[in-house]
Amino acid sequence: MNPRTAKDIRVLRPALSLLLVAALLPMVSGPHWHEASEIWIVGLFFTGCLIMGAEIFGNEFQHNTVLLLLSQPISRARIWREKMRTLAVALALGTACVLATVLCFDRRVVLAEDFPWLGFALIPIGAFCSVPYWTLVFQSSLMGGLVTVVTPTVILGFNSALHERWLQNPDSLVGGWFKLTHQLHQLWVQDPAGEESSVLTILVVYCAVCCWLGYRKFTLLEVANAHSSAAGRELGLPVRLENVVLRPMRLLGSKFTGVFAVLMKKELRLQQVAFVGATIFCMLVTTLALLFATSSANGSGQGWIPVFIMGSFAIYLPVLPLVVGSVAVAEEKAWGVADWQFTLPPSTGTQWRAKVLTAMGTSLILGVLVPLALAATGGMLFGKSNPEALPFLHEMRDGLTPHGFPLAPVSTVVALICCLLAGQALLTSIAIYAGTLVTNTSRALMLSLGIILVSAGIIAGICTRVEVWMLPRQTAESDARTVSLAVGGGVLLLSTCMLHILAFWNYRTRERSRKVLAIQLLLLVLAAVQGAAAILFVAWAFRGPA
Amino acid sequence: MKTDTPAIEIDHLVRKYGRSDAVNGLSLRVAAGRCYGFFGRNGAGKTTTIKCLLNLLRPTAGAVRIFGMEPHRDEVAVKSRLAYVPDQVAFHPWMTVRNTLDYLASFRARWNQQTERELLGQFRLDDAKKVSALSKGQKTQLALVGAVCAEPELLILDEPTSGLDPIVRREFIQTVIGAYQDAAPGERTVFVSTHLITEFEGLIDEFTIIDNGKETLTLEADEARSRFQKIRARFHAEAPTMDFVPAQKVKRDGREVEITVNGDAARVLDRVKAMAPESISMEGLTLEEIFIESLQ
């Protein structure tokens, strides 16, 4: 085999294995957990396709080998063709395996009338066409993957908003677009309102444009320096903007000159990307809320806005702690300053404490307190006047203001917030632990996701196997909720502590034998089993009458 | 097969990064079969120039040609005839030395396996070892092996000896580059950007010094050595004032004086002799001294 193709196959192998795991799920799932396995199949399939699309070019940036590749006597068009051919074959192979096993072992799903065949097909096609382009634009697998998800979401959201406007006023200008797309697709998509056909048209056009742009981008790619890729570049603000934004912080920070304070300042600076992300999130949610309030006031309620607000929260809450934890340890490794840090006078323990304190503090403040404050403010301002349109804000207002406690008693609310904090801390700790094992932030994020997915799989597997979901349960008993939340919080804290011990071990020793890694893997599995045991205990303790 | 077409031709090259000029109107010409030194301080624009030659960056203005071809138009033809060793060598960490060389060979129509064996032995590189386990110097050695085994007509080296230990450095410069050029005299060109000018002293035929993206000095090495001379004189009493052209720099220290001369050293020597010194001597500057002198 051509060594270049062999190398590309080697790059795609880990992501392809995700697709093969997705293909195995229908075979190993029992008769009672079709729904659970279907979620996992879709999740693994989507993630695998996304990573494959990002890694085919992103890997070259990650290892700074793009310079080596582009200085070889072979045309860029040929390199592009070879890489895309390998990607196409890998995606087709993975998709075929998943489809084959689903058809053989979970036929019920695909035979359902509403099975989204087109949506299923668009995942590998989208991964093939759009992810390489975005990866080349940002010269990073991570950013490529993220933007690949965000861009079509924004485009389709905009399309949905236009569609809504059209439904309200069929004579509006945008109506032509939906009528046109409806005409184009009405033969194979029964969608009288025209939105689904417009979505398909947009996605097909988007994929084609991205594919062409990707080819063009690669053939004209410039490599300014070996560290122009994201591996050696900081994720953060442009220098000028940073100087303006950080001036007050620097003035404030100049008063703290102790060793620990200096380390904390360095760690806070390292977390710039998290602060930028939090600012964007706050601005986005505030803008959407204001937009919603304005549109409600003039009677043209926008149904898509609450969905977007919910979506923003749903993405922000789990992503922020993972980014904070990954950046805390892995970013310095990517820059090559991690080892140098160890040569500085502060002890490894001191450096670690500064790192973990900053990361956990940043994660809890930006990841829990800021969203809670935003939601509570939104609930108080807009929830009452729009209880139907923004049900979650209404709930939040009632839950967190002294006017009423639907989650009463207070102990339950406190337990819920503690659980939220513990969950956030656990996610951050997973990312910190992952960061101690790998050499850059994107890998740390990938590994964190892997740990979370596998742990959730273990927990779901155990719980489903003992049919915990089938147990009759009491409903809405506040005592049961409080105890359940307390047990859950305890388990989360225990797992967090264990992860920190392992992470510090890795950070201090820097070299890990296979034996140590095997022990750590075993401990992680035990932590997941412990989580499953907690869920089973709560379900058993508060089960209802048979 | 000797040809009049220059190996490298750069004509008023300009390359900007945003508002700053990395290279600003650089011109040079490298004849085939020569070992050409490309010297400059950090950030002078050496690597940017090299990347423009390789079509890794596109010039903002001006033109570059390799063997008479434009790299962005005839990319494959140009790169088939050259090999490049970057200043920061990077390979896929999971590959072994063997895998890496096979990977590099897969791009080439010609690959000298005997040279590969010899160089691997010379550098004591274990071809079963993973690249991630190699030191920085060993990775550079591997990149050099990969470049030389392709037997290109033009070898472009960007700080090739950084990270190499003194023994390997000397061995590489004298044996590898020397042997590479001697294998086909007059046909193989080396374009080397380096700070370690002394190491390449005996090999460099011609050189260009750049500063702030502009050419400061281009000379044949031999001509430079004869043009840049250092005259040392010792007087019976305190050394007299000497502010005559073409003396570039005069350093007085009590009874001794050291004059650096840029051209027409004989005339300066005669004038110093006329001052009846106790002793007088003259010697050519090394390339490194010329580099320092021309940038100070």
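The values are calculated or read from the model by the stated rules, or taken from the named source; none is laboratory data. Treat the numbers as computed from the prediction; the structure is a model and nothing was measured. A quick note on method: Cβ atoms are made from the backbone with ideal geometry, for glycine too, and the neighbour counts reach across all protein chains shown.
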**Prompt:** Among the listed residues B:ILE292, B:ILE197, which satisfies the condition of being under 23 Å from B:THR161 (Cα atoms) and crowded, with 19+ Cβ neighbours inside 10 Å?
**Reply:** B:ILE197
**Request:** Within segment A:15-26, identify whether any single residue is more than 10 Å from chain B (Cβ to nearest Cβ), modelled with pLDDT under 90, in contact with an Asp or Glu (Cβ under 8 Å, 6 or more places away or on another chain) and closer than 24 Å to A:SER141 by Cβ, and answer yes or no.
**Result:** yes
**Asked** In segment A:75-84, which residue that is more than 28 Å from the chain's Cα centre (by Cα) and more than 10 Å from every other protein chain (Cβ to nearest Cβ) is surrounded by the most Cβ atoms within 10 Å (Cβ to Cβ)?
**Response** A:TRP80
**Asked** From the set of residues in segment A:460-481 that are at pLDDT below 65 and in a helix (DSSP H, G or I), which is surrounded by the fewest Cβ atoms within 10 Å (Cβ to Cβ)?
**Response** A:MET470
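What about B:ALA147, is it touching a residue at least 60 places away in the same chain (Cβ under 8 Å), among the small types (Gly, Ala, Ser) and either facing chain A (nearest Cβ under 9 Å) or within 16 Å of A:THR65 (Cβ to Cβ) (or both)? Don't jump to the end; show me each part of the working.
Details: touching a residue at least 60 places away in the same chain (Cβ under 8 Å): yes; among the small types (Gly, Ala, Ser): yes; either facing chain A (nearest Cβ under 9 Å) or within 16 Å of A:THR65 (Cβ to Cβ) (or both): yes.
Spelling it out, B:ALA147 is indeed touching a residue at least 60 places away in the same chain (Cβ under 8 Å), among the small types (Gly, Ala, Ser) and either facing chain A (nearest Cβ under 9 Å) or within 16 Å of A:THR65 (Cβ to Cβ) (or both).
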**Message:** For the structure I just gave you, tell me whether A:ALA486 is at pLDDT 75 or above and closer than 30 Å to A:ALA359 by Cβ.
**Reply:** no
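Table: residues versus (1) of a type outside the set (Val, Ile, Thr); (2) farther than 30 Å from A:PHE61 by Cβ; (3) modelled with pLDDT of 70 or more.
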{"position": "A:VAL102", "(1), (2), (3)": "no, yes, yes"}
{"position": "A:GLU113", "(1), (2), (3)": "yes, yes, no"}
{"position": "A:LEU118", "(1), (2), (3)": "yes, yes, yes"}
{"position": "A:GLY126", "(1), (2), (3)": "yes, no, yes"}
{"position": "A:VAL131", "(1), (2), (3)": "no, no, yes"}
{"position": "A:TRP134", "(1), (2), (3)": "yes, no, yes"}
{"position": "A:SER172", "(1), (2), (3)": "yes, yes, no"}
{"position": "A:GLY175", "(1), (2), (3)": "yes, yes, yes"}
{"position": "A:LEU184", "(1), (2), (3)": "yes, yes, no"}
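Taking B:TYR103 as the residue in question, decide whether it is among the aromatic types (Phe, Trp, Tyr), away from every other protein chain (no Cβ under 14 Å) and either over 20 Å from the mean Cα position of the chain (by Cα) or within 21 Å of B:TYR36 (Cα to Cα) (or both). Walk me through how you get there before you give the answer.
Details: among the aromatic types (Phe, Trp, Tyr): yes; away from every other protein chain (no Cβ under 14 Å): no; either over 20 Å from the mean Cα position of the chain (by Cα) or within 21 Å of B:TYR36 (Cα to Cα) (or both): yes.
Judged against the criteria, B:TYR103 is not a match.
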**Prompt:** Which one is modelled with the lowest pLDDT among residues in segment B:153-166 that are out of contact with any Asp or Glu (no Cβ under 7 Å at 6 or more places or on another chain) and not in a loop (DSSP other than H, G, I, E, B)?
**Reply:** B:PRO166
**segment B:72-93, subset among the charged types (D, E, K, R) and touching a residue at least 40 places away in the same chain (Cβ under 8 Å), residue farthest from B:ALA150 (Cα to Cα)** = B:ASP87
**Item:** Residues of segment A:413-455 that turn out to be within 21 Å of A:LEU142 (Cβ to Cβ) and of a type in the set (A, V, I, L, M), as a count
**Value:** 16
**Request:** Determine whether segment B:7-22 contains at least one residue that is more than 17 Å from B:ASN212 (Cα to Cα), part of a strand (DSSP E or B) and touching a residue at least 12 places away in the same chain (Cβ under 8 Å).
**Result:** yes
**Asked** Mind checking which residues of segment A:316-341 are free of Cβ contacts under 8 Å to residues at least 60 places away in the same chain, polar (S, T, N, Q) and surrounded by 23 or more Cβ atoms within 10 Å (Cβ to Cβ)?
**Response** none
**Request:** Considering (1) outside any helix (DSSP H, G or I); (2) buried (at least 16 other Cβ atoms within 10 Å of the Cβ); (3) at pLDDT 70 or above; (4) more than 14 Å from chain B (Cβ to nearest Cβ), say which one A:VAL223 fails and leave the rest.
**Result:** (4)
**Prompt:** Would you say A:LEU24 is in contact with a Gly (Cβ under 8 Å, 6 or more places away or on another chain), more than 26 Å from B:VAL89 (Cα to Cα) and not hydroxyl-bearing (Ser, Thr, Tyr)?
**Reply:** no
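Residues being hydroxyl-bearing (Ser, Thr, Tyr) and modelled with pLDDT under 80: count how many of those fall in segment B:167-196.
Narrowing segment B:167-196 to residues hydroxyl-bearing (Ser, Thr, Tyr): B:175, B:180, B:189, B:193-194.
After this cut, where a residue has to be modelled with pLDDT under 80 as well, the list is B:175.
Counting residues in segment B:167-196 that are hydroxyl-bearing (Ser, Thr, Tyr) and modelled with pLDDT under 80 gives 1.
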**Message:** Among the residues that make up segment B:78-91, is at least one of them within 14 Å of chain A (Cβ to nearest Cβ), acidic (Asp, Glu) and farther than 30 Å from B:ALA133 by Cβ?
**Reply:** no
**Fill in**
Of the conditions (1) within 25 Å of the chain's Cα centre (by Cα); (2) surrounded by 14 or more Cβ atoms within 10 Å (Cβ to Cβ); (3) modelled with pLDDT of 85 or more, the single one that A:VAL516 does not satisfy is (1)
**Request:** Give the number of residues within segment B:106-120 that are buried (at least 16 other Cβ atoms within 10 Å of the Cβ) and either more than 14 Å from chain A (Cβ to nearest Cβ) or not polar (S, T, N, Q) (or both).
**Result:** 9
**Item:** Failed condition for B:TRP94, given (1) within 7 Å of chain A (Cβ to nearest Cβ); (2) closer than 22 Å to A:ARG76 by Cβ
**Value:** (2)
**Item:** Pairs with Cβ under 8 Å, 6+ apart, first in segment B:56-71 and within 13 Å of chain A (Cβ to nearest Cβ) and within 18 Å of B:LYS46 (Cβ to Cβ), second among the polar types (S, T, N, Q) and in a loop (DSSP other than H, G, I, E, B)
**Value:** B:LEU56/A:SER71; B:PRO71/B:ASN55
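If I filter segment B:96-104 for residues that are touching a strand residue (DSSP E or B) at 6+ places or on another chain (Cβ under 7 Å), farther than 30 Å from B:ASP21 by Cα and not small (Gly, Ala, Ser), do I get at least one hit? Let's see the steps before the verdict.
Just the residues of segment B:96-104 that are touching a strand residue (DSSP E or B) at 6+ places or on another chain (Cβ under 7 Å), to begin with: B:96.
Now restrict to residues that are farther than 30 Å from B:ASP21 by Cα: B:96.
Going one step further and asking which of them are not small (Gly, Ala, Ser), we end up with B:96.
Yes, segment B:96-104 contains at least one residue that is touching a strand residue (DSSP E or B) at 6+ places or on another chain (Cβ under 7 Å), farther than 30 Å from B:ASP21 by Cα and not small (Gly, Ala, Ser).
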**Lone qualifier among B:ILE210, B:ILE231, B:ILE204 - being buried (at least 21 other Cβ atoms within 10 Å of the Cβ), touching a residue at least 40 places away in the same chain (Cβ under 8 Å), closer than 26 Å to B:ASP270 by Cβ and not basic (Lys, Arg)** = B:ILE231
**Request:** May I ask you to list the residues in segment A:518-532 that are of a type in the set (Gly, Ala, Ser) and under 19 Å from A:ALA431 (Cβ atoms)?
**Result:** A:ALA527, A:ALA528, A:GLY531
**Request:** Scan segment B:268-287 and report the pairs whose first residue is farther than 12 Å from B:PHE235 by Cα and whose second residue is surrounded by 11 or more Cβ atoms within 10 Å (Cβ to Cβ) and hydroxyl-bearing (Ser, Thr, Tyr), with Cβ atoms within less than 9 Å and a gap of 6+ or a chain change.
**Result:** B:GLY284/B:SER226; B:LEU285/B:THR260; B:THR286/B:THR198; B:LEU287/B:THR198
**Request:** Go through segment A:57-74 residue by residue and tally those that are facing another protein chain (nearest Cβ under 7 Å) and either crowded, with 21+ Cβ neighbours inside 10 Å or not aliphatic (A, V, I, L, M) (or both).
**Result:** 9
**Message:** within 14 Å of chain A (Cβ to nearest Cβ), without any contact (Cβ under 8 Å) to a residue 40 or more places away in the chain and buried (at least 24 other Cβ atoms within 10 Å of the Cβ): which single residue out of B:LYS46, B:LYS51 fits that description?
**Reply:** B:LYS51
